[in-house]
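Down below is the structure, laid out as C-alpha cells.
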Amino acid sequence: MRKFAFAFLLLSGAAPSQVQAQTAPVHTLEADEARQGVASDGTYAYAIDNSRIGKYELKTGKRVAGWEGPRELFPHMNACTLVERRLLCAASNFPKVPMTSAIEVFDPVAMKHLSTISLGMLNAGSLTWVDRKDGFWWAGFANYAGKAGEPGHDHRYTTILKLDDQWRQLEGWALPDAVLDRMAPMSNSGGSWGDDGLLYLTGHDRPEVYALRLPKAGSTLELVATLPIPFEGQAIDWDPKARRLLWGISRKDRKAIAVTLPDVETPP
C-alpha cells in the first residue's frame, strides 16, 4: 500500500514550524456514488452523489444497500454525517440562484428518506455541510466566484454558522484569506469538528484539509494547520469508532478513502 507524506504548517505568532508524519489510507472503497462526499458510522460508509446514496460495508467493501430519489427534489446533496442514528445530509439547489438550502434526513438502516428540514434562502450561501457539537448545529455555506455565484457575492462570502435546535443563527464566522485563496474560485465543500476542538474544512478540489479554531476576538476563523490528504477535497466526515480517521472521496477515481490524520498541536 502506497504511503503518503504529511507535512503541515502550524501557525502562531512565531515563524511557522514544519512537522512531518507518515501514514497510509486505512480504507479504500470502490463506490460509484462517490461524487460529492462520504460519511461513516464505523461499520459502513455512505457515499453521496447528489440524489443517491450507496451504503458499503467497511470489512468487505461490498455495496449492501442504496437509495435514490428524484433529481428534481434532490438536485444537490453534498456532505452527510451520522447524528443520533440518523443520516443528515446538507442539500441545496446548486448551481441555481437564488441559493436555497435544506437538510435531508435518512434512516441509515432502512436506507429510507424520512424528512426534510428546509432552511429556504438564508442569504448566507449554499449549504454544503452540517455537524453537531456542544448541543448546537454548525453549518458551512458556500459562495462562488463566477459560475453558481450570486451577483455581488464571490467565494469570500463563504461563511460558517452556529445554529440552535430551531436552526436559527446564533453566531457566524468568515474564513481567513489564507484558506479562501486556496479554495478560489470555488468554496468550502466539507466540514467536521475534530476531537481536538478544531474545525476541519476542505475546499472543492485541492488535496488538503484546513484545521481552524474559533477566534478569541473578531469574526474570522484562525488557521492552525494545513494538512495534505490523499483525496481532492470535497465533503468529509470523521469515523466515530477510530480516532483521527477522516473519510473523503476521490471523484475522478470514484473511491471513498479513509486516512488517519496526525495530531495537530494548537499554538497558544
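The values are calculated or read from the model by the stated rules, or taken from the named source; none is laboratory data. None of these values were measured; they are calculated from a predicted model. Cβ sites come from the backbone with ideal geometry, for glycine too, and all protein chains shown count toward neighbours.
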Discussion item. Among (1) over 26 Å from Pro95 (Cα atoms); (2) crowded, with 16+ Cβ neighbours inside 10 Å; (3) of a type in the set (Ser, Thr, Tyr), there is one condition Tyr157 misses while meeting the rest; what is its number?
Written reply: (1)
Practice prompt. Scan the range 48-67 for residues that are farther than 12 Å from Gly37 by Cβ, among the charged types (D, E, K, R) and surrounded by 15 or more Cβ atoms within 10 Å (Cβ to Cβ) and jot them down.
Written response: Arg52, Lys55, Arg63
Fill in: Hey, Val109 modelled with pLDDT of 95 or more, among the β-branched types (Val, Ile, Thr) and in a strand (DSSP E or B) or not
no
Worksheet, complete the sentence: Among Pro230, Pro215, the single one that is surrounded by fewer than 17 Cβ atoms within 10 Å (Cβ to Cβ) and part of a loop (DSSP other than H, G, I, E, B) is Pro215
Worksheet entry | Which numbered condition His155 fails, given (1) touching a residue at least 24 places away in the same chain (Cβ under 8 Å); (2) within 24 Å of Pro215 (Cβ to Cβ); (3) touching a strand residue (DSSP E or B) at 6+ places or on another chain (Cβ under 6 Å) | (3)
Discussion item. It is to be established whether one or more residues within the range 49-69 are in a loop (DSSP other than H, G, I, E, B), closer than 26 Å to Gly125 by Cβ and polar (S, T, N, Q).
Written reply: yes
Worksheet item: Checking Tyr144 against (1) surrounded by 14 or more Cβ atoms within 10 Å (Cβ to Cβ); (2) on the phi > 0 side of the Ramachandran plot; (3) without any contact (Cβ under 8 Å) to a residue 60 or more places away in the chain, which test does it fail?
Response: (2)
Item to complete: Determine which member of the set Pro267, Pro262, Pro240, Pro207 is touching a residue at least 24 places away in the same chain (Cβ under 8 Å) and closer than 30 Å to Glu150 by Cα.
Response: Pro207
Worksheet item: Looking only at the range 112-141, which residues are in contact with a strand residue (DSSP E or B) (Cβ under 7 Å, 6 or more places away or on another chain) and assigned to a loop (DSSP other than H, G, I, E, B)?
Response: Leu122, Ala124, Gly125
Worksheet entry | Looking only at the range 169-199, and only at residues there that are free of Cβ contacts under 8 Å to residues at least 60 places away in the same chain and closer than 16 Å to Phe231 by Cβ, the one that is farthest from the chain's Cα centre (by Cα) | Arg182
